[in-house]
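The values are calculated or read from the model by the stated rules, or taken from the named source; none is laboratory data. Note that the coordinates shown come from a computational prediction; the quantities given were computed from them, not determined experimentally. With ideal geometry, Cβ positions are generated from the backbone for all residues, glycine too; neighbour counts draw on all protein chains shown.
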Amino acid sequence: MNFQPLRIASGWSVEWNTFMETDPTPEKMDAFTGDSLLYLSSSHRLRSIELSWTPEGDYQGSFKLIVINLLENFNKNTNTMEYTGEWDNPYYTFHSRDRLEIVDEIERLTLSLDHYEDPRLLLRRGEVDEFSEALRIELLTNGLSRELIDTILTEGNWKIQDILVDHPDIDHLTLNSIAQNGVKKGIRKKALQKLNSKRFKNKNDLQK
């Protein structure tokens with residue numbers, strides 16, 4: 001058996017490959033074992049692509065193709081960038097028993113996948129701002145609370161204040177505080193623009 005020919009776009013690294021140019025039959029299922037048949041990664045796109053056969057070695061199974069987002073983590077000890085996959089939350093999943101359909105999908109993905117934007121709040125590339133990131137996670141998990149808002153207003157950096165301005169449940173009082181005391185001119189301006197938007201201006205008119 002030969003390896004399956006693939007037209008992989010530039011910028012992708014082949015980390016693992018046992019993807020063969022053969023279709024599944026009851027006699028050839030030894031070619032469809034292992035956790036991964038193919039694993040590609042792109043540090044530029046912050047994505048990885050993994051191909052497997054599931055259930056492993058089962059002729060009644062199918063190919064499973066997933067795209068995983070990658071998080072950059074700078075290792076100060078080795079002075080290198082390391083990558084962690086968000087395996088619990090695949091960006092994209094595709095199933096097929098058709099090998100050529102899988103080939104087409106792999107080739108399409110390596111061409112079309114865009115860069116993943118890391119949602120974490122960073123001090124610099126690969127280094128998380130632990131305090132601000134904890135505030136972001138709390139906001140994401142538990143929503144707005146007065147205590148959280150006060151902490152963001154008094155101790156948060158401009159990035160977490162920017163997220164707060166965009167929150168759908170933000171109120172007039174909080175926006176006004178950011179418009180006056182935000183840690184960055186751009187954030188103060190953004191809060192003021194939102195205060196003057198139709199949503200908040202109408203509320204102001206009703207209160208007069």
Filtering the range 126-143 down to residues that are surrounded by 13 or more Cβ atoms within 10 Å (Cβ to Cβ) and either in contact (Cβ under 8 Å) with a residue 60 or more places away in the chain or touching a helix residue (DSSP H, G or I) at 6+ places or on another chain (Cβ under 8 Å) (or both), which residue is farthest from ASN75 (Cα to Cα)?
-> LEU139
For residues that are farther than 20 Å from PHE3 by Cβ and among the β-branched types (Val, Ile, Thr), scanning just the range 42-77, find the one that is farthest from the chain's Cα centre (by Cα).
-> THR54
Yes or no: PRO26 out of contact with any Phe, Trp or Tyr (no Cβ under 7 Å at 6 or more places or on another chain) and of a type outside the set (A, V, I, L, M)?
-> no
Strands (runs of 3 or more DSSP E) contained entirely in the range 6-125, each with at least 1 residues that are among the basic types (Lys, Arg) and surrounded by 14 or more Cβ atoms within 10 Å (Cβ to Cβ) | 47-54, 62-75
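Inspect all residues belonging to the range 155-163 and state whether any of them is surrounded by 13 or more Cβ atoms within 10 Å (Cβ to Cβ), touching an Asp or Glu at 6+ places or on another chain (Cβ under 9 Å), of a type in the set (Lys, Arg) and not assigned by TED's automatic domain parsing to the domain that holds ILE68.
Of the range 155-163, the ones surrounded by 13 or more Cβ atoms within 10 Å (Cβ to Cβ) are 156-163.
From what is left, the residues that are touching an Asp or Glu at 6+ places or on another chain (Cβ under 9 Å) are 157, 159-160.
Still in the running and of a type in the set (Lys, Arg): 159.
Within this subset, residues satisfying the condition of being not assigned by TED's automatic domain parsing to the domain that holds ILE68 are 159.
Yes.
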Somewhere in the range 124-144, is a residue farther than 21 Å from ALA191 by Cα and of a type in the set (Lys, Arg)?
-> yes
When every residue in the range 5-55 that is out of contact with any helix residue (DSSP H, G or I) (no Cβ under 7 Å at 6 or more places or on another chain) and of a type in the set (Asp, Glu) is compared, the one modelled with the lowest pLDDT is ASP35
